[in-house]
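The values are calculated or read from the model by the stated rules, or taken from the named source; none is laboratory data. Because the structure is a prediction, the values reported are computed rather than measured. With ideal geometry, Cβ positions are generated from the backbone for all residues, glycine too; neighbour counts draw on all protein chains shown.
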2 protein chains.
Amino acid sequence: MSTKATLSRRNFIRQVGAYGGCAFTAMTTLGLITQATGHGAELSGLPHIGSKSKNKVLVLGAGIAGLTTAYELGKLGYECVILEPRSIPGGRSMTLRRGDRIDETNGFSQTCEFDKGLYFNPGPSRFPQWHVTMDYCRELGVEVEPFVNLNENAFYYAEGDVGPLSGKRVRIREAKTDLRGYASELLAKVADQGALDERLSKEDVEALVDFLHYEGGLNRSNEYIGSSRRGYKVWPGGGFQEGELDTPYGLSELLKSGYGMLFHRANEYQYQAQMFTPTGGMDKIPIALAEKVKDKIVYGAQVKEIRRSNPGARVVYSHEGADHEATGDFCVCTIPPTILRRLQTDLSPMLKNTLNIVPFQNSGKIALQFKRRFWEEDDRIFGGLSWTNLPVGELWYPSSGFMGKKGVMGGYYIFGPASDRLGNMSPAERLEFALSNGEKIHPQYREEIENAFSVNWSTIPHIEGCLAHFPRAMLKTFYPLLIRPEGQLYLAASWTSHLGGWQAGAFEAARLTVKSIHERTMAS
Amino acid sequence: MSTKATLSRRNFIRQVGAYGGCAFTAMTTLGLITQATGHGAELSGLPHIGSKSKNKVLVLGAGIAGLTTAYELGKLGYECVILEPRSIPGGRSMTLRRGDRIDETNGFSQTCEFDKGLYFNPGPSRFPQWHVTMDYCRELGVEVEPFVNLNENAFYYAEGDVGPLSGKRVRIREAKTDLRGYASELLAKVADQGALDERLSKEDVEALVDFLHYEGGLNRSNEYIGSSRRGYKVWPGGGFQEGELDTPYGLSELLKSGYGMLFHRANEYQYQAQMFTPTGGMDKIPIALAEKVKDKIVYGAQVKEIRRSNPGARVVYSHEGADHEATGDFCVCTIPPTILRRLQTDLSPMLKNTLNIVPFQNSGKIALQFKRRFWEEDDRIFGGLSWTNLPVGELWYPSSGFMGKKGVMGGYYIFGPASDRLGNMSPAERLEFALSNGEKIHPQYREEIENAFSVNWSTIPHIEGCLAHFPRAMLKTFYPLLIRPEGQLYLAASWTSHLGGWQAGAFEAARLTVKSIHERTMAS
């Protein structure tokens, strides 16, 4: 592991060298890497700008990155102007509620018909506790609550070439308990038979078998014959109701199902317990941020040109039917690459080329309002996700408003080309897609559906895409071009971070940009 | 597994036969076992009592079992009187807030000094989603929120003969990722070498190795060399901050630590994700229940005698300085065995003997109010539990009020004889015990402590104990004596259920009792 870290730092230094012209800015980030306690650029100790004259910054876009840039620069004494084409802040950090309307670029139009009090986050909807997003929630007074990302009582459901479990709902806890049980038994057996003696000491083999006994829920002979961890057919109760266990699935059928390859998802560092979400909707974050910079935001301002002036930046934008020009000592652009590509800019050809190939992909979600929370009432699933190999991918149960009369589920969560195909469908067709797949897992769907709202990010005006994850080859070649400023012009967004698709990426990119601008200003 | 279920039913029938005199009541519970969809006695379909004359029921105790009995019998048309010695309902289902005072039977006295808005549940504090407790919350309109039982970012900490990790805080995610990684690698290796070929088909061996690759976070050679699942030394961020992994622990040191034998705890059927708790404190449940039966509760009523009359029951109790007598067609006694043993009763010698040996054990918790939430601010642990082999056992981080200025942690959670020893200490000594142990895990303890409140259940008046888990031998011999009514006299409590120590046990025991009383009444 330390090898990897060293390599990555070495690569980094090499990259910095390769783009010598902007070594100053890049090198400051090296300081960050070594100084950071783990959560990005430290800004709290920075001095106020004082009487420095280069204090005007143009910020393009009032999503998380733009709002954070203006908010943090404002603390340091800069004058910011945020140009935002929409009438609301937050960008993809959005929450849908009754009356919200979206007109897609492909002509489809939807108005949200949720009951009052219900909501859905079509963009980011959760964050792990290590994300800087948590720190902003604290600082901004945005209340957070646990987000239920893993619910052992939710379902796996697969169809097709997956063996005998095809078409059968399996509780996550059942698959996990059984497969871990069998695997633990297998390893305990071969350990007892001496198969590990070459690699491990006798004492370690014994301790390993002890571990496997608990890990697998094995019996006294270290065999897996089922376990209460997989749940009960009849749960323990009062009096003589001791509980009745059900028969475990077989090892072979579980292996064929492929469910074991899903266990790790909730263990990955972005998804581990405990995740959080703002109480009342994700847009509480951009709303709180926007409140901090409210007199700096120009809504309805559509950027048309981004120019480098010497030594600052100049932007042409339309607002209320007329073209305007704004100038700044710096410009921080958070406009998504899909849109930025089309603008008139003085960006270098290399950067323009890079913007053309940023893998900024689409994603789509559908919110389904049901008359009752059948997943809670009938299936006893309170929050969490069910996983399926059906094209809907994941079903999301709401992580708030438990036991309410009605509820809004996430009916699919799809990325890339599959979501593009879905985006070409009408909202009614998307709903039918969600229902015809989802009803295989929840037969109550058709009976209980009340209304729906589908968000396809690539056809949302002024956003036109969702997130970028860079292949390793790009990280070493093109990605660095997105990070370095061109003169006084910066790009800052989740797609200029190693946290693609997360709000934390936008926060962190903004913070690095703020730190870089400030260091340059103070050094000037 | 089906073997076990069959056996247990067979045993049950045998027990019923053995206590032939009360076969009627017992047999009705058999019906419940087979009819139940998993959550205890179904009461919703029962007919109203109508004009039946045997409609008066004495209920002894206004804890969860007593309140539920009166509430459910009330729905069916019975007249109940609840005699409760304390001035509040709920029994162990309690929430501590500023100003609450407890005078222990051993002479110690404490008044809660928490800041307004802070609280602590010294008794039950969480329930899994399958418990009937969830259904009562829905029915009573008690709002629930997720209880963070597993936080991968919390700590394991062990001292003593535990190898090189002794005295070192280890994040749960680190130990879990590393040990599962190594175990997966070991099994994948021997599988590749053909060690499983006798037991599994070639296809299954391949699928098993695929599973282990994901399960263990292995590299392409199926070796475990660390994983982002164990967290980062420097987390991924903006710009070039790709993240730096730390060196994994060694297999041998992890095995010696024993931490692997703790992983399963959060996977057991009583503790699996997702657990819940009432928003604002556990006593929201008894308060809501008590509201439903408020004109039936006599507070300050201390039962002295429990008599069988023919065919009903008679109870002598003191209230406001005088002795009173109450009679009923049935009597449901929820008084803890430690107290019931001392009362004058007409219980059979066999049942009295059984009450003397019910393993009703003590437990203790301490609430620690700190000036700030250093576990959140410094350690980024938002809810969950840390585990230690120090005598404090578990540290509980509050599962609500995240990011608040102050917070109340659980400083120990101890059972049995160890808690008895602690109960003999003064509150100040208990606090010192919590601090001197806990500060090894959180050095901030001494600096940040503001006040504390320790609850030792065996010295709480009118409760005098906490919970019973019956050894298997007792389940087959003495436990059935607690379940069967003696004439018109029933015992109903969590210790007459298979859910000892859980509120759900009290709910389920009450529901079975209600069903039995009603069936006898309707058949009469």
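Selection over the stretch B:182-236 of residues that are hydrophobic (A, V, I, L, M, F, W, C), assigned to a loop (DSSP other than H, G, I, E, B) and facing chain A (nearest Cβ under 8 Å) gives a count of 5.
Remark: A:A509 falls outside the filter, which requires a residue to be surrounded by fewer than 24 Cβ atoms within 10 Å (Cβ to Cβ), closer than 30 Å to A:D103 by Cβ and of a type outside the set (F, W, Y). Scanning the stretch A:411-450 for residues that are closer than 24 Å to A:A468 by Cα and surrounded by fewer than 19 Cβ atoms within 10 Å (Cβ to Cβ) returns A:Y413, A:F415, A:G416, A:P417, A:A418, A:D420, A:R421, A:N424, A:M425. When the residues of the stretch B:135-176 are filtered to those that are small (G, A, S) and in a loop (DSSP other than H, G, I, E, B), the one that is surrounded by the most Cβ atoms within 10 Å (Cβ to Cβ) is B:A154.
When the strands (runs of 3 or more DSSP E) confined to the stretch B:56-115 are screened for residues that are modelled with pLDDT of 95 or more and aliphatic (A, V, I, L, M), those reaching at least 3 such residues are found at B:56-60, B:79-84. Say whether the condition of being farther than 27 Å from A:N151 by Cα, out of contact with any Phe, Trp or Tyr (no Cβ under 8 Å at 6 or more places or on another chain) and either of a type in the set (D, E, K, R) or surrounded by fewer than 22 Cβ atoms within 10 Å (Cβ to Cβ) (or both) is met by at least one residue in the stretch B:259-273. Checking the stretch B:259-273: not a single residue is farther than 27 Å from A:N151 by Cα, out of contact with any Phe, Trp or Tyr (no Cβ under 8 Å at 6 or more places or on another chain) and either of a type in the set (D, E, K, R) or surrounded by fewer than 22 Cβ atoms within 10 Å (Cβ to Cβ) (or both).
Here A:L179 meets the list (1) of a type outside the set (F, W, Y); (2) surrounded by fewer than 23 Cβ atoms within 10 Å (Cβ to Cβ); (3) within 10 Å of another protein chain (Cβ to nearest Cβ) almost entirely, failing just condition (2). Taking the stretch B:244-280 as the range and being at the interface with chain A (Cβ under 7 Å from one of its Cβ atoms) and farther than 30 Å from A:E174 by Cβ as the test, the residues that pass are B:E244, B:L245, B:D246, B:T247, B:P248, B:S252, B:K256.
Flag set for B:Q241, criterion: surrounded by 21 or more Cβ atoms within 10 Å (Cβ to Cβ) and either assigned to a strand (DSSP E or B) or facing chain A (nearest Cβ under 9 Å) (or both). Could you list all residues from the stretch B:100-120 that are within 27 Å of B:K406 (Cα to Cα), among the polar types (S, T, N, Q) and either touching a helix residue (DSSP H, G or I) at 6+ places or on another chain (Cβ under 7 Å) or crowded, with 18+ Cβ neighbours inside 10 Å (or both)? B:Q110 - this is the single residue of the stretch B:100-120 that is within 27 Å of B:K406 (Cα to Cα), among the polar types (S, T, N, Q) and either touching a helix residue (DSSP H, G or I) at 6+ places or on another chain (Cβ under 7 Å) or crowded, with 18+ Cβ neighbours inside 10 Å (or both). The set of residues in the stretch B:302-347 being closer than 25 Å to B:L512 by Cβ, basic (K, R) and under 30 Å from the mean Cα position of the chain (by Cα) consists of B:R341 alone.
Conditions (1) touching a Ser or Thr at 6+ places or on another chain (Cβ under 7 Å); (2) assigned to a helix (DSSP H, G or I); (3) not assigned by TED's automatic domain parsing to the domain that holds B:A62, marked per residue:
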{"position": "B:I285", "(1), (2), (3)": "yes, yes, yes"}
{"position": "B:R314", "(1), (2), (3)": "yes, no, no"}
{"position": "B:D323", "(1), (2), (3)": "no, no, no"}
{"position": "B:T338", "(1), (2), (3)": "no, yes, no"}
{"position": "B:L347", "(1), (2), (3)": "no, no, no"}
{"position": "B:M350", "(1), (2), (3)": "no, yes, no"}
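Residue check: is B:F382 closer than 27 Å to B:G281 by Cα and free of Cβ contacts under 8 Å to residues at least 60 places away in the same chain? Considered against the rule, which asks whether it is closer than 27 Å to B:G281 by Cα and free of Cβ contacts under 8 Å to residues at least 60 places away in the same chain, B:F382 comes out as no. Of all residues in the stretch A:183-202, those that are under 19 Å from B:E185 (Cβ atoms) and without any contact (Cβ under 8 Å) to a residue 24 or more places away in the chain total 12. Specify the residue that is nearest to the other protein chains (Cβ to nearest Cβ); the eligible residues are those in the stretch A:494-524 that are out of contact with any Leu (no Cβ under 9 Å at 6 or more places or on another chain) and among the aliphatic types (A, V, I, L, M). This residue is A:L499. Residues that are among the aliphatic types (A, V, I, L, M) and crowded, with 20+ Cβ neighbours inside 10 Å do occur in the stretch A:85-99. Only a single criterion out of (1) outside any strand (DSSP E or B); (2) in contact with a strand residue (DSSP E or B) (Cβ under 8 Å, 6 or more places away or on another chain); (3) surrounded by 22 or more Cβ atoms within 10 Å (Cβ to Cβ); (4) not charged (D, E, K, R) is not satisfied by A:V303, namely (1).
Test A:A473 against the stated conditions and say whether it is surrounded by fewer than 23 Cβ atoms within 10 Å (Cβ to Cβ), in contact with a Pro (Cβ under 6 Å, 6 or more places away or on another chain) and away from chain B (no Cβ under 12 Å).
On the way: surrounded by fewer than 23 Cβ atoms within 10 Å (Cβ to Cβ): yes; in contact with a Pro (Cβ under 6 Å, 6 or more places away or on another chain): no; away from chain B (no Cβ under 12 Å): yes.
In short, no.
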